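The structure under discussion appears below in the form of structure tokens.
The values are calculated or read from the model by the stated rules, or taken from the named source; none is laboratory data. Quick caveat: nothing in here was measured; it's all calculated off a predicted structure. Methodologically, a virtual Cβ is constructed for each residue, glycine included, from the backbone with ideal geometry; neighbour enumeration extends over all protein chains shown. The area values use the complete protein model at the heavy-atom level, side chains included, leaving out ligands, DNA and RNA. Shrake-Rupley method; radii C 1.70, N 1.55, O 1.52, S 1.80 Å.
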Amino acid sequence: MSATGPAKALTPPDISARKGKTPLVCLTAYTTPIARLVDPHCDVVLVGDSVGMVLHGLPSTLGVTLEMMIMHGKAVRRGLEQALMVVDMPFGSYEEGPDQAFRNAARVMTETGSAAVKLEGGEAMAETIRFLTARGIPVMAHIGLTPQAVNTFGGYRVQGRGEDGERICRDALAVAAAGAFAVVLEKVPEPLARRITEEIAIPTIGIGASPTCDGQVLVVDDMLGLFGDFRPKFVKRYAELGDAASFAIATYAQEVRKRRFPAAEHVFGDAPTPVKGGEAA
Ligand code: KIV
């Protein structure tokens with residue numbers, strides 16, 4: 001394994017080279033077991049700051065710290081063999097300027113073994129992206145709905161409708177010119193996603209941004225039905241693992257209360273004695 005992961009892992013240039021080819025597959029992961037599950041199927045595994053909401057119960061991504069990202073990044077690194085690992089820079093860890101961004105992104109890369117970071121923002125972040133990429137830190141950009149700016153947007157609304165599309169286009173052109181190797185396009189209308197994908201030379205990875213993008217990303221817990229009743233239009237639930245888990249836990253609780261679990265096959269020693277006050281198997 002190299003400083004940035006296993007030798008056969010995909011690299012940021014490999015991802016850039018997929019522009020206009022077979023769509024890129026990207027999912028989030030925050031833990032080693034989920035990283036192991038997604039790795040064989042994904043080109044990019046993102047340790048997203050969505051971890052704050054999905055695993056830590058935070059109301060938004062704003063409370064996520066660099067330490068949380070590093071801890072989850074280390075866990076994901078242990079589960080990956082072939083996908084490119086990208087770690088989100090959390091709110092407050094990069095916006096002050098290129099120096100702060102470099103210091104914290106370098107920490108993320110050296111401590112987690114990730115080969116790239118992701119940060120939110122378009123034109124306003126172009127200088128920082130240029131600074132990082134010129135100094136050995138590959139950057140995935142993130143424009144459109146940028147959840148760390150939820151308070152500025154006044155909610156998680158679709159961005160770039162009508163004339164506002166020009167703003168998102170300028171963001172896309174700016175991050176591509178600054179050297180980002182790919183860009184996440186979140187919650188923008190299809191015609192805008194198509195236009196941006198045609199106009200920039202780096203892959204667009206859409207979330208709520210139509211199939212016209214060069215790839216797709218979803219939060220893994222959303223598509224597995226593990227994040228409660230969160231059902232935004234752009235998420236397809238490929239499984240209902242939350243319901244399956246809830247049923248399993250309820251069955252366990254019932255069996256414990258009725259002394260049906262543990263049954264004979266779960267007990268050490270000779271033939272178990274029937275238990276009083278329950279329905280021993
Ligand atoms: O934090 C995250 O999971 C993300 C993806 C949804 C793109 O930024």
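Pull out a ≥ b ≥ c, the square roots of the eigenvalues of the alpha-carbon gyration tensor of region 14-99, then state rounded if a/c is under 1.5, prolate if not and a/b is larger than b/c, and oblate in the remaining case.
Details: a/c = 2.04, a/b = 1.37, b/c = 1.49.
Oblate.
With a 1.4 Å probe and all protein chains in place, put H72, H56 in order of accessible area, largest first. Mind dumping the intermediate values first?
Values: H72 15, H56 85 Å².
So the residues, ranked largest to smallest area, are H56, H72.
Find the eigenvalues of the gyration tensor of the Cα atoms of region 12-239, then list the square roots of 5 times those eigenvalues as equivalent ellipsoid semi-axes, largest first, in whole angstrom. Don't jump to the answer; show the numbers that get you there.
Values: eigenvalues 101, 85, 64 Å².
Taking √(5λ) for each Cα gyration eigenvalue gives 22, 21, 18 Å.
Please list M109, M71 from largest to smallest accessible area, probe radius 1.4 Å, with all protein chains kept in place. Mind dumping the intermediate values first?
Details: M109 30, M71 105 Å².
Ranking M109, M71 by accessible area, largest first, yields M71, M109.
Counting only pairs 8 or more residues apart or on different chains, how many lysine pairs in the chain have their Cα atoms under 25 Å apart?
Lysine pair count for the chain: 17.
Under a GNM of the chain (C-alpha, springs under 10 Å), which listed residue has the highest mean-square fluctuation: Q100, Q82, Q148?
Q100
Would you calculate the volume per residue, in Å³, of the smallest convex hull containing every Cα atom of region 143-213?
Expressed per residue, the convex hull around the Cα atoms of region 143-213 is 78 Å³.
List the GluC sites (Glu not before Pro) within region 1-108 that DSSP assigns to loop and that have no more than 15 neighbouring Cβ atoms inside 10 Å. Don't jump to the answer; show the numbers that get you there.
Values: sites: E67, E81, E95, E96; in loops: E81, E95, E96.
Taking region 1-108 and a limit of 15 other Cβ atoms within 10 Å, the loop GluC sites (Glu not before Pro) found are E81, E96.
Given a 1.4 Å probe and every protein chain left where it sits, what share in percent of the accessible area of the chain is carbon and sulfur? Please report the intermediate quantities before stating the final value.
On the way: 7980 of 13820 Å².
Taking all protein chains in place, the chain shows 58 percent carbon and sulfur surface.
Which sequence of M85, M223 reflects their accessible areas, 1.4 Å probe, from the largest down?
On the way: M85 0, M223 30 Å².
So, going from the largest accessible area down, we get M223, M85.
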